[in-house]
1. Answer yes or no as to whether residue 53 is in contact with a Lys or Arg (Cβ under 6 Å, 6 or more places away or on another chain), modelled with pLDDT of 85 or more and of a type in the set (Gly, Ala, Ser).
2. Which of the residues spanning region 206-241 are closer than 20 Å to residue 42 by Cβ, part of a loop (DSSP other than H, G, I, E, B), touching a strand residue (DSSP E or B) at 6+ places or on another chain (Cβ under 7 Å) and of a type in the set (A, V, I, L, M, F, W, C)?
3. Scanning region 180-195 for residues that are open to solvent by 60 Å² or more (accessible area, probe 1.4 Å) and not charged (D, E, K, R), which turns out farthest from residue 64 (Cα to Cα)?
4. What are the pairs, 6+ residues apart or on separate chains, where a residue within region 227-241 that is farther than 30 Å from residue 71 by Cβ has its Cβ under 9 Å from a residue that is part of a loop (DSSP other than H, G, I, E, B) and of a type in the set (D, E, K, R)?
5. Counting only residues that are surrounded by fewer than 17 Cβ atoms within 10 Å (Cβ to Cβ) and in a helix (DSSP H, G or I), how many does region 134-154 have?
6. Count, please, the residues in region 132-184 that happen to be more than 26 Å from residue 118 (Cβ to Cβ) and either in contact with a strand residue (DSSP E or B) (Cβ under 8 Å, 6 or more places away or on another chain) or hydroxyl-bearing (Ser, Thr, Tyr) (or both).
7. Take residue 36 and tell me if it is modelled with pLDDT of 80 or more and either open to solvent by 70 Å² or more (accessible area, probe 1.4 Å) or within 30 Å of residue 200 (Cβ to Cβ) (or both).
8. Anything in region 183-213 that is closer than 18 Å to residue 52 by Cβ, at pLDDT below 90 and not hydrophobic (A, V, I, L, M, F, W, C)? List them, or say none.
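The values are calculated or read from the model by the stated rules, or taken from the named source; none is laboratory data. What you are looking at is a predicted structure, and each value in this text was computed from that prediction instead of being measured. Cβ atoms come from the backbone with ideal geometry, glycine included; neighbour counts cover every protein chain shown. Just so you know, the surface numbers come from the protein's heavy atoms only, side chains and all, with ligands and any DNA or RNA stripped out. Shrake-Rupley method; radii C 1.70, N 1.55, O 1.52, S 1.80 Å.
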Amino acid sequence: MTPDQIFARWVRVALATFVLLFIYFLVADSFMPMTPEARVMRPVTRIAPELSGPVSEVLVSNHQHVAKGDMLFQIDPAPFRLAVEKAQLNREQAERENARLEAELTSAQAELASAEATAAERRGELQRAETLVAQQSVSRQQYEQQVAAERTAQASVAAARAKIVSLEVQLGDAGETNLRLRQADNALSKAQLDLAHTQVRAAQAGSVSNLQLDVGDYVQAGQPAVAVVADAIDVIADFREKSLRHAAPGDAAQVVFDAWPGQVFDAQV
């Protein structure tokens, strides 16, 4: 084999190797993406109270580890307990108001029955008066008195019915679907929720950081008062968009740190 033939063979081998490596690179980059551009971060949750008020108790210290749901500090609960008691009294008042309206409704229904009986009696008297006036057995004045009495009785019936409608509107639905009771229950639930929010708890497990609270400090609703550095870590990596076409949340991943060469840590997308 001449030197030119040997050179040509090595060129073909090199080209074939390059093509194979290029195909492997494309496949690997699509199904096994890798990147050195990554960093580790710990999420920091800034805990803010739902309510404003003075701090009555601080149960943690800086750098203390807490579990999810552990109480960090408490806002003075006294005014919120009073709000709960007031809401409970309003609930009781709503029940009594409904009982009063039900009693008035029962009385109005009895009045309607009485008014209808009176109206029926006056109607009968008017019909007899009409017969007698046709026979000229009663005077015109007496007949007109019977007409007025019958109209008065009908007006009393209409007034009794209107009173019943008014009371039914004020009373609303019966039972727990009653609007007045639902409004009272809603106010009570809100007061109880506010009382529960006086205990400010950790939203996740981690270590307390930047704690500057003391008993007597006044905290504002929505203003961060404590920071909790999470136990879990996030690895943020930069990839080309095309490399992630086959990646999905929940896929397994592996991470290698420069500080621990040779150790491979499992992770999740």
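1. Values: in contact with a Lys or Arg (Cβ under 6 Å, 6 or more places away or on another chain): no; modelled with pLDDT of 85 or more: yes; of a type in the set (Gly, Ala, Ser): yes.
Criteria not met by residue 53.
2. If the condition is that a residue be closer than 20 Å to residue 42 by Cβ, part of a loop (DSSP other than H, G, I, E, B), touching a strand residue (DSSP E or B) at 6+ places or on another chain (Cβ under 7 Å) and of a type in the set (A, V, I, L, M, F, W, C), then 211, 225, 233 are the ones that fit.
3. Looking at the filtered set, the residue picked out is 183.
4. 237/37; 238/37; 239/37
5. 12
6. Result for region 132-184: 1.
7. Details: modelled with pLDDT of 80 or more: no; either open to solvent by 70 Å² or more (accessible area, probe 1.4 Å) or within 30 Å of residue 200 (Cβ to Cβ) (or both): yes.
Spelling it out, it is not the case that residue 36 is modelled with pLDDT of 80 or more and either open to solvent by 70 Å² or more (accessible area, probe 1.4 Å) or within 30 Å of residue 200 (Cβ to Cβ) (or both).
8. 212 - this is the single residue of region 183-213 that is closer than 18 Å to residue 52 by Cβ, at pLDDT below 90 and not hydrophobic (A, V, I, L, M, F, W, C).
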